[in-house]
1. Which FRET efficiency value, to the nearest 0.05, do you get for residue 94 and residue 10 by plugging their Cβ-Cβ distance into 1/(1 + (r/R0)^6) with R0 = 41 Å?
2. Taking a cut-off of 20 Å, what percent of all Cα-Cα pairs in the chain are separated by more than that?
3. Any idea what angle helix 65-95 forms with the longest principal axis of the chain, computed on alpha-carbon atoms, 0 to 90 degrees, nearest 10?
4. How much area per residue is accessible in the chain when the probe is 1.4 Å and only protein heavy atoms are counted (Å²)?
Amino acid sequence: MIPLTWYLLVAALLFCIGLYGVMARRNAVAILMSVELMLNAVNINLIAFWRYGSVLSPAPDTPTTGWAWAIFVLTVAAAEAAVGLALIISVYRRRDSVIAEELDLLKN
């Protein structure tokens, strides 16, 4: 069985890559993909803690709690990606650019 720390290290690495992508990128699509990486890192943590929590605890509350939370996070991520891509496409059609620094449509 793979130790819990390996899962946590992979999730931390994915989260750091996603955080770097959000902070360093200028393209709105790349920023959206980086946010998705961060959400996948959270899913890895949820599933890993569910798996090792159910092994270590004598009486887990429900056997599918980790999977339910992971599916909930995936659903929210899918909705966020759909809305984000719709906004990016709308901005691109209007401004012919998806560079995040140039998006000042809501300013006076």
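1. On the way: r = 39 Å, r/R0 = 0.96.
With R0 = 41 Å, the Cβ-Cβ based efficiency is 0.55.
2. Numbers: 3041 of 5778 pairs.
The share of Cα pairs beyond 20 Å in the chain comes to 53 percent.
3. Once rounded, the angle reads 10 degrees.
4. Values: 7870 Å² over 108 residues.
Normalised by residue count, the accessible surface of the chain is 73 Å².
The values are calculated or read from the model by the stated rules, or taken from the named source; none is laboratory data. Since we're looking at a predicted model, the values are computed, not measured. For neighbour counting, all protein chains shown are included, and Cβ atoms are generated from backbone atoms with ideal geometry for every residue, glycine included. Just the protein is used for accessible areas: all its heavy atoms, side chains included, with ligands, DNA and RNA removed. Shrake-Rupley method; radii C 1.70, N 1.55, O 1.52, S 1.80 Å.
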